[in-house]
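The structure appears below as structure tokens.
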Amino acid sequence: MGDLKGDFADRDAVLIGASTDTDFVHFAWRKSDERLAACDFPWIADNSKKLANALGIVAEPEGVAFRATFIVDPHNVIQHVTVNGLNQGRNPAEALRVLDALQTDELCPCNWSQGEEVLKPAA
């Protein structure tokens, strides 16, 4: 997500990361990986799993959070959710595509990408 931070900013979107690890673990991650060190958006340390449980993204019996992406509008309404299994990563480009579609305020077809035609309902 950090690699596309500028693309999200161009769309007036704010990135916030979260994990069920502590802030100490977040700090260690950032020290050990230059790509993570470059992620200058905030990370929430949800080590109590209160947020992850409220969002329904805790894998049981493992007790860890699934990898999830939430797109929340300016009115704090969740407009899109993607939840990935424990063995697969997220697709930041797909999150951007969905954000673009949401920001059209139009009806977008399957696999729509920015610049393509939107659907026009029959009159």
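Name the residues in the stretch 3-21 that are within 17 Å of Ile71 (Cβ to Cβ) and not acidic (Asp, Glu), would you?
Leu4, Lys5, Phe8, Ala9, Arg11, Ala13, Val14, Leu15, Ile16, Gly17, Ala18
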Within the set of pairs 6 or more residues apart or between chains, which connect a residue that is among the basic types (Lys, Arg) inside the stretch 1-30 to a residue that is buried (at least 16 other Cβ atoms within 10 Å of the Cβ) and assigned to a loop (DSSP other than H, G, I, E, B) with Cβ atoms less than 7 Å apart? Lys5/Leu15
Say we look at the stretch 9-22 and pick out the residues that are of a type in the set (Asp, Glu) and part of a loop (DSSP other than H, G, I, E, B); which of these is surrounded by the fewest Cβ atoms within 10 Å (Cβ to Cβ)? Asp12
Pick out the one residue from Gly6, Gly89 that is small (Gly, Ala, Ser), under 17 Å from the mean Cα position of the chain (by Cα) and in a loop (DSSP other than H, G, I, E, B). Gly89
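Residue check: is Pro121 at pLDDT below 95, surrounded by fewer than 10 Cβ atoms within 10 Å (Cβ to Cβ) and of a type outside the set (A, V, I, L, M, F, W, C)? First the steps, then the outcome.
Values: at pLDDT below 95: yes; surrounded by fewer than 10 Cβ atoms within 10 Å (Cβ to Cβ): yes; of a type outside the set (A, V, I, L, M, F, W, C): yes.
The answer is yes for Pro121.
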Matching residues in the stretch 66-95 (surrounded by 15 or more Cβ atoms within 10 Å (Cβ to Cβ), of a type in the set (A, V, I, L, M) and over 16 Å from Ile16 (Cβ atoms)) number 1
So Trp112 ticks every box in (1) aromatic (Phe, Trp, Tyr); (2) at pLDDT below 90; (3) in a loop (DSSP other than H, G, I, E, B) but one. Which box is left unticked? (2)
Step by step: first the residues of the stretch 23-61, then only those that are outside any helix (DSSP H, G or I) and more than 19 Å from the chain's Cα centre (by Cα), then the one that is surrounded by the fewest Cβ atoms within 10 Å (Cβ to Cβ). Which residue is that? Pro61
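Out of the residues in the stretch 63-86 that are assigned to a strand (DSSP E or B) and not hydrophobic (A, V, I, L, M, F, W, C), which is nearest to Met1 (Cα to Cα)?
My answer is Thr69.
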Scanning the stretch 92-122 for residues that are of a type in the set (D, E, K, R) and within 15 Å of the chain's Cα centre (by Cα), which turns out farthest from Asp3 (Cα to Cα)? Asp100
Just checking, does the stretch 66-76 include any residue being within 13 Å of the chain's Cα centre (by Cα) and free of Cβ contacts under 8 Å to residues at least 12 places away in the same chain? yes
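The values are calculated or read from the model by the stated rules, or taken from the named source; none is laboratory data. Owing to the predicted nature of the structure, the values given are computational and were not obtained by experimental measurement. For neighbour counting, all protein chains shown are included, and Cβ atoms are generated from backbone atoms with ideal geometry for every residue, glycine included.
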